[in-house]
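I have placed the structure first, in the form of structure tokens, so that the comments after it can refer back to it.
The values are calculated or read from the model by the stated rules, or taken from the named source; none is laboratory data. Treat the numbers as computed from the prediction; the structure is a model and nothing was measured. Cβ coordinates were reconstructed from backbone atoms using ideal geometry, including for glycine residues, and neighbour counts include every protein chain displayed. We work out accessible area using only protein heavy atoms, side chains counted, and drop any ligands, DNA or RNA first. Shrake-Rupley method; radii C 1.70, N 1.55, O 1.52, S 1.80 Å.
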Amino acid sequence: MKRKIGDAKRDIQGINPGAGITRFSIAMMSEYGLNDAGYRFHTGSEEDCFTAFEHAVENGEWVVVPLWKPQFLHFKHKIRELREPKGLLGVVDKAVLLLRDDQSTLFTEDELKTLDSLRWSNEIIAELDYQVCRENQPLDEVTKNWLDVQ
């Protein structure tokens, strides 16, 4: 069944008040007129946010949830990313593996080359995150299994 915007749930479940995505989301509520349209943003735990999304999916409800990448929900669900033409979310973050020069002796040259060659895409992290967060697999085991096939 195709839903119209008027059928939308107007509660947006976010995460903790100090998170960047929460601050950006609250600013966007005003900037895009969502408050005036009857939407309300609620802070809570990450699990509150994830559960609100999963509950809406289970019930076939239209929902707006502030998510980020990489994040485990992207592994299991096709999530439509909303355009944000005003650029209120800022720049895309980039993760970089850093090692202090004085700590490089902790690794062999081959280990350093292996670490330097790792490429973790959002899709890879979302899948591994799903295994840990929703399949309750131990993080060390999930990571080791992924590294073993690389």
Kindly indicate whether any position in region 127-140 is of a type in the set (Ser, Thr, Tyr), surrounded by fewer than 13 Cβ atoms within 10 Å (Cβ to Cβ) and at pLDDT 90 or above.
-> no
Looking only at region 10-26, decide whether some residue is surrounded by 10 or more Cβ atoms within 10 Å (Cβ to Cβ), out of contact with any Ser or Thr (no Cβ under 9 Å at 6 or more places or on another chain) and assigned to a loop (DSSP other than H, G, I, E, B).
-> yes
Looking only at helices (runs of 4 or more DSSP H) that fall completely inside region 36-150, which ones have 2 or more residues that are within 22 Å of Ile21 (Cβ to Cβ)?
-> 46-58, 73-76, 122-133
Within the set of pairs 6+ apart or on separate chains, which have a first residue in region 88-116 that is over 30 Å from Ile26 (Cβ atoms) and among the hydrophobic types (A, V, I, L, M, F, W, C), a second that is open to solvent by 100 Å² or more (accessible area, probe 1.4 Å) and assigned to a helix (DSSP H, G or I), and C-beta atoms under 8 Å apart?
-> Leu97/Asp116
The correct count of residues that are in contact (Cβ under 8 Å) with a residue 24 or more places away in the chain and open to solvent by 50 Å² or more (accessible area, probe 1.4 Å) in region 59-73 is 4
Could you figure out which of (1) within 14 Å of the chain's Cα centre (by Cα); (2) open to solvent by 100 Å² or more (accessible area, probe 1.4 Å); (3) modelled with pLDDT of 90 or more isn't true of Lys94?
-> (3)
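This table checks each residue for (1) open to solvent by 70 Å² or more (accessible area, probe 1.4 Å); (2) on the phi < 0 side of the Ramachandran plot; (3) within 21 Å of the chain's Cα centre (by Cα).
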| residue | (1), (2), (3) |
| --- | --- |
| Asn35 | no, yes, no |
| Gly38 | no, no, no |
| Phe41 | no, yes, yes |
| Asp48 | yes, yes, yes |
| Thr51 | no, yes, yes |
| His55 | yes, yes, yes |
Select, from Glu109, Glu123, Glu84, the only residue that is open to solvent by less than 50 Å² (accessible area, probe 1.4 Å) and either at pLDDT below 95 or closer than 15 Å to Arg10 by Cα (or both).
-> Glu84
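Taking Leu73 as the residue in question, decide whether it is at pLDDT 95 or above and in contact with a Leu (Cβ under 7 Å, 6 or more places away or on another chain). Walk me through it before giving the result.
Details: at pLDDT 95 or above: yes; in contact with a Leu (Cβ under 7 Å, 6 or more places away or on another chain): yes.
Yes.
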